[in-house]
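Read the structure below first, then the notes.
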Amino acid sequence: MKRTAIAAVLSAATLLALSACSGDETAPDAKLSATATAPTTSAAVPKSGLPPKPTGQVRADLLAALKAVAPGTVRYEDKAVDAARNQCQAINGGGSKLDWTASQRFTYKDVTTTEAQGKSINEALKKSGFCNT
């Protein structure tokens, strides 16, 4: 019986402690108005640095830019697009070893990308503006 009582008291204490740390006490209206007044554009890169999934001409331009510097990388177009988006996130976030990271991201299945090609991919991504869209 003592164990049950102790367990109940500890559980209640834990719940009280967690509810005391429930987070931001800012009024919901203040949060909403701050969000509502913030400028937004559909072309802006989210804070995460990950560009939106490209479609149409943007996708075609991205694949053409990648093909120009590392032809094998576009053999699997969806993988190339995903790798490009993730590489942009690293670029936009100020990542280190970007050339090596690109070589790893764009190496898949039977496609091997060198670090030199990774450097060219990074330059193409920056020059094309894809990482900024």
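Taken as a whole, the stretch 119-133 holds no residue that is touching a Ser or Thr at 6+ places or on another chain (Cβ under 6 Å) and open to solvent by less than 30 Å² (accessible area, probe 1.4 Å). Just so you know, in the stretch 72-93 the residues that are open to solvent by 60 Å² or more (accessible area, probe 1.4 Å) and over 16 Å from residue 59 (Cβ atoms) include one that is nearest to the chain's Cα centre (by Cα), and it is 89. Residues that are within 18 Å of the chain's Cα centre (by Cα) and not in a loop (DSSP other than H, G, I, E, B) do occur in the stretch 112-122. Could you tell me whether any residue of the stretch 58-65 is open to solvent by 20 Å² or more (accessible area, probe 1.4 Å), among the acidic types (Asp, Glu), modelled with pLDDT of 95 or more and within 27 Å of residue 47 (Cα to Cα)? Checked against the condition, which is being open to solvent by 20 Å² or more (accessible area, probe 1.4 Å), among the acidic types (Asp, Glu), modelled with pLDDT of 95 or more and within 27 Å of residue 47 (Cα to Cα), the stretch 58-65 yields at least one hit. Can you run down the residue pairs with Cβ atoms below 7 Å, 6 or more apart or on separate chains, where the first is in the stretch 110-133 and over 15 Å from residue 90 (Cβ atoms) and in contact (Cβ under 8 Å) with a residue 12 or more places away in the chain and the partner is open to solvent by 10 Å² or more (accessible area, probe 1.4 Å) and in a helix (DSSP H, G or I)? Listed by first residue and then by second, the contacts come to 111/72; 117/69; 120/69; 128/61; 128/65; 133/58.
The values are calculated or read from the model by the stated rules, or taken from the named source; none is laboratory data. Nothing here was measured: the structure is a model prediction, and the numbers come from that model. In this analysis, Cβ positions are derived from the backbone assuming ideal geometry, glycine residues included, and neighbour counts consider all displayed protein chains. Side chains are part of the model used for accessible areas, which takes the heavy atoms of the whole protein and leaves out ligands, DNA and RNA. Shrake-Rupley method; radii C 1.70, N 1.55, O 1.52, S 1.80 Å.
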